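J.: Please read through the structure below; I'll follow up with questions.
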Amino acid sequence: MPECCQQKLHPDHSKQLTRLNRISGQLLGVKKMINDRRYCPDILAQLKAIRSGVKSLEINILEEHLKNCVIDAFESGNADEKSAKIDELKKLLKRFE
């Protein structure tokens with residue numbers, strides 16, 4: 001983790017817990033569907049909904065990171081912090097591919 005992020009509190013993502021709880025419930029539902037030997041397309045539909053929920057969660061957390069950590073680094077005026085954030089974002093975007 002870059003030094004700039006270690007010096008302060010990270011953004012509060014607690015409002016994402018509702019979404020995360022919904023995803024967890026969907027996963028448990030898929031497990032039950034598999035145990036109940038439900039119809040394959042029904043299971044696949046639930047898995048697609050889970051993927052969509054996770055993607056939405058990722059986007060929300062990334063937006064908070066941009067609004068807080070990245071903006072703070074750029075407003076600090078510290079060239080090393082700016083460069084570290086750019087490198088960090090490049091790595092994150094490669095993971096999203």
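J.: Extending each Cα 7 Å along its Cβ direction at Ser14 and Asn68, get the distance between those two points in nm, one decimal.
T.: 1.2
J.: Next question, about the same structure. Got the relative contact order for the chain handy, in percent, Cα pairs under 8 Å and 6 or more residues apart? Kindly include the intermediate steps, with their values, before the conclusion.
T.: Numbers: 36 pairs, mean separation 35.5, N = 97.
Here the relative contact order equals 37 percent.
J.: When all alpha-carbon pairs of region 16-96 are counted, what percent fall beyond 17 Å? Provide the component values of the computation, followed by the final result.
T.: Values: 1920 of 3240 pairs.
Looking at region 16-96, the distances longer than 17 Å represent 59 percent of pairs.
J.: In addition: Can you compute the FRET efficiency between Arg22 and Phe96 using 1/(1 + (r/R0)^6), with r the Cβ-Cβ distance and R0 = 25 Å? Round to the nearest 0.05.
T.: 0.70
J.: If you don't mind, there's one more thing I want to ask. Once the dipole of region 25-97 is set up with Lys and Arg at +1 and Asp and Glu at -1 on Cβ about the Cα centre, which of Gly53, Ile71, Asn35 lies farthest towards its positive end?
T.: Asn35
J.: Simple spin-label model, 7 Å along Cα-to-Cβ: Val54 to Arg38 in nm?
T.: 1.8
J.: So, in region 16-96, how many Lys pairs have Cα atoms under 20 Å apart, if the pair is 8 or more places apart or on different chains?
T.: 15
J.: Name the trypsin sites (Lys or Arg not before Pro) in region 17-97 that are in a loop by DSSP and that have at most 11 other C-beta atoms within 10 Å, would you? Walk me through the numbers before you get to the answer.
T.: Values: sites: Arg19, Arg22, Lys31, Lys32, Arg37, Arg38, Lys48, Arg51, Lys55, Lys67, Lys82, Lys85, Lys90, Lys91, Lys94, Arg95; in loops: Arg37, Arg38.
When the trypsin sites (Lys or Arg not before Pro) of region 17-97 are filtered for loop state and at most 11 Cβ neighbours within 10 Å, Arg37 remain.
Rule-based calculations on the coordinates, nothing more; no lab input. Just so it is clear, the structure is predicted and the values come from calculations on it, not from any experiment. Note that we place each Cβ from the backbone using ideal geometry, even for glycine, and neighbour counts take in every protein chain shown.
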